[in-house]
Structure formats: C-alpha cells, structure tokens
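The values are calculated or read from the model by the stated rules, or taken from the named source; none is laboratory data. Because the structure is a prediction, the values reported are computed rather than measured. Here the Cβ positions follow ideal geometry from the backbone for every residue, glycine too, while neighbour counts run over all protein chains shown.
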Amino acid sequence: RPLVEDAPGVSAWNREVASYGGKTWLELPWYFAEVYFYRRLLEAVGYFRPGPLEGCDPFGLQKRAQIASAVERFSGDWEELVQTEPAPAFEALLHSSLWGNRADLSNLTVRLRASRGLATRDERHNILIDHTEQVRRIVTGGIRRLDFINDNVGLDLLFDLALIDLVLRQGWVGQAVCRLKDYPFFVSDAMPQDLHATISQLLGSPEGAVRALGERLRGYIDTGDLVLKANPFWTSYLLFRDLPAALRDTLAASDLVILKGDVNYRRLLDDRHWPYTTTLEQVAGYFPAPLLVLRPLKGEILVGLAPGQAGTLAAEDPDWLINGQRGLVHYCQPPAAVLPDTDGTA
C-alpha cells in the first residue's frame, strides 16, 4: 500500500510503490522490500508525524547501548594504537574499519560473531581482495578530501572516526566527510546525532587517550576539517547508479570515497548477481570518484574474484558468502571518476 502521512519524499515513494502494484513482499526486488519495510515502520511509529514521537529514533536505545559497549571495548585497543607508528597504524585501523562492520544490529547471526575490536594480521588471510598497500600509498601521498559513506554505529563508526583522526592528524588528508543517514534505517545505521553521541561517549571515557580522541574529533568538526552530511539518497530506494546529479557532483570532487558495508555494496552493484570474476570497474564504472570498498561478506553478491577462487572457498566453507568471516579491501578507479591530484600535498 502507499504511504499515507505527509512526510518528506512521500510522492516519490508512492510512485515507486505503485510500480509494484499487485506484487507480494516475496515478489518485490530485495533491496526495495527492505527499505520499504523500514520506511513503513517509521510511519507506524509516527516518526514524521507532529506529536510526542516526532523525530524519536525507534532504535535509539539499542544504538546508545551499542555505542557505550563499543567505546568500552575500543578503549584498550586505542591505548595501544596511539603508540604505534603511522604506517602500521593506518593498516590496523583500515582493517578494523572493515571488520568493525560485522557488528550490525539488523543482522543478529553475524553480530553475535562480531566480538573483536582492533584488527590483527591473524585475519589478513580472510581478506579476499586486498588493496591495502595501494590505498596506503594514495592516502599517505597526500589527498585533499576523503569521503566515508558510513554504515553502522558502534565499533564500525568508531574505527571510521579513529582512521579519520589518524589521517587528519598526520596531515595526509585536508578534509574528511562523513556521509550519514538522514533518518533511522536498518536499525543501526548512523545518523549525525549518533556520531555526536559517539564523540560524547569518548569524552566521558576514564582513559585519557580516548578522551583526547573525542576532543580532537570535536575540534575537527568545529574547524570544518571533519564535515557531517546527511542526504535523503542514502535512505532511499534508489541504487547508486541513480545518484542525483548534485550528490554525484559533490562525490566527484572527492579524492577517495570509502564505501562501507553490505547494503551499500549491493546498491553499488545494482543489487544483482554477477559472475564472481566480473571486475568492479565493469559493474561500477559509472561511479564518479576513486572508490574503496570495505565490506565483510554478509550477502551473496560479489565481484572481483580470481577464476576458481569461489569454488575453493565454497569447498572450505559453505557459508563463506554470508557469515561475515571474509571481507574485501577493494580499490577501484572507475572510468567515470575524476583522478585526484596526487602531488604529495593535502
């Protein structure tokens, strides 16, 4: 049925809903069915409706608990990491940003396995496509702007922020942008207020190095070195191929976009199955900027593997595509992207 309340984007939503008239939930495209469910849920709880629950995040209590437990778990790792040299710290934080994405409140099975904090080299063999060194050279060579298409609160967002702190503190990046959801989505997806709540939790830590991280992050926001942007596209039913022109143009100005998580990956790949050996450039060649995918495997869509690699993995582990135990650090220079000026300056 169509949405019935007066809320942002309702007309566009209802045109899309009408295009699937007469279909059951099981007959809808997978991604549309998911986002339509969450949009209907917000309508049911009165999120957009004037009244006592207007703007009240129905997942807020779960998110706050996730943030608190994540900061507690993160604290010991950070005390160790701040004493690490920048190059190995970059690798550790990049991989932690990858594996932190396992902790997704909308995927209980994978979340129960997502108990680790800082990544170690013990899991390096589980990164099926690993462009870490190539990305390290790009970032440490100096870039003007780094964009994160963020995903979940908790360890996922914490390690994104820790990585942002490192690259800004080292002067490798001139400005970082976090692209966040404009309303509650997939339970644990991060909105600007969730990022601010994460910084507040860091500032309340008993550990001095953790408090200092919170202070630096707050300072980056105050100076504009870290910018928070929420756009309705990120919570829409549209795939990445349908990026609005204004958002496409602003992403095109980025020297590197880091895309987090399974749902964003599916949207990047048109939410379709492709042969596993298809290259990411072939499928996502339309993307307007250099792109790094950080994704634990929690869904069956995947590209970029070597011939025979999928068969070997399936023989080792029948659930290799969905259990979150393997991941990607997959860099792509799409043909549509504007190349960054890598002159060594930020």
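Observations
- Which numbered condition Val139 fails, given (1) outside the structural domain of Leu213 (by TED's automatic domain parsing); (2) at pLDDT 95 or above: (1)
- The residue that is farthest from Leu269 (Cα to Cα), among those in the stretch 40-55 that are free of Cβ contacts under 8 Å to residues at least 60 places away in the same chain and part of a helix (DSSP H, G or I), is Ala44.
- Selection status of Val227, aliphatic (A, V, I, L, M), under 21 Å from Gly261 (Cβ atoms) and surrounded by fewer than 16 Cβ atoms within 10 Å (Cβ to Cβ): yes
- Selection count, the stretch 93-115, where residues are of a type in the set (A, V, I, L, M, F, W, C) and at pLDDT 95 or above: 4
- Within the stretch 16-27, residues that are loosely packed, with under 12 Cβ neighbours inside 10 Å have Cβ atoms under 8 Å from residues that are not in a helix (DSSP H, G or I) and not hydrophobic (A, V, I, L, M, F, W, C) in these pairs: Ala18/Pro2; Glu27/Tyr20, counting only partners at least 6 apart in sequence or on another chain.
Okay, residues lined up against (1) surrounded by fewer than 20 Cβ atoms within 10 Å (Cβ to Cβ); (2) more than 30 Å from Leu313 (Cβ to Cβ):
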| position | (1), (2) |
| --- | --- |
| Asn126 | yes, no |
| Val135 | no, no |
| Ile149 | no, no |
| Leu166 | no, yes |
| Pro184 | no, yes |
| Pro192 | yes, yes |
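- In the stretch 229-258, the residues that are closer than 21 Å to Val10 by Cβ and of a type outside the set (D, E, K, R) reach residues that are at pLDDT 95 or above and part of a strand (DSSP E or B) with C-beta atoms within less than 6 angstrom, at least six apart or across chains, in these pairs: Ala230/Leu180.
- Options Arg241, Arg211, Arg248; residue that is within 17 Å of Val71 (Cα to Cα) and either surrounded by fewer than 21 Cβ atoms within 10 Å (Cβ to Cβ) or modelled with pLDDT under 95 (or both): Arg211
- Selection within the stretch 8-32 - of a type in the set (A, V, I, L, M, F, W, C) and either over 26 Å from the mean Cα position of the chain (by Cα) or in the same structural domain as Asn264 (by TED's automatic domain parsing) (or both): Val17, Ala18, Trp25, Leu26
- Contact annotation: residue pairs with Cβ atoms under 8 Å, 6 or more positions apart or on different chains, pairing a residue in the stretch 64-80 that is touching a residue at least 24 places away in the same chain (Cβ under 8 Å) with a partner that is aromatic (Phe, Trp, Tyr), are Phe74/Phe159.
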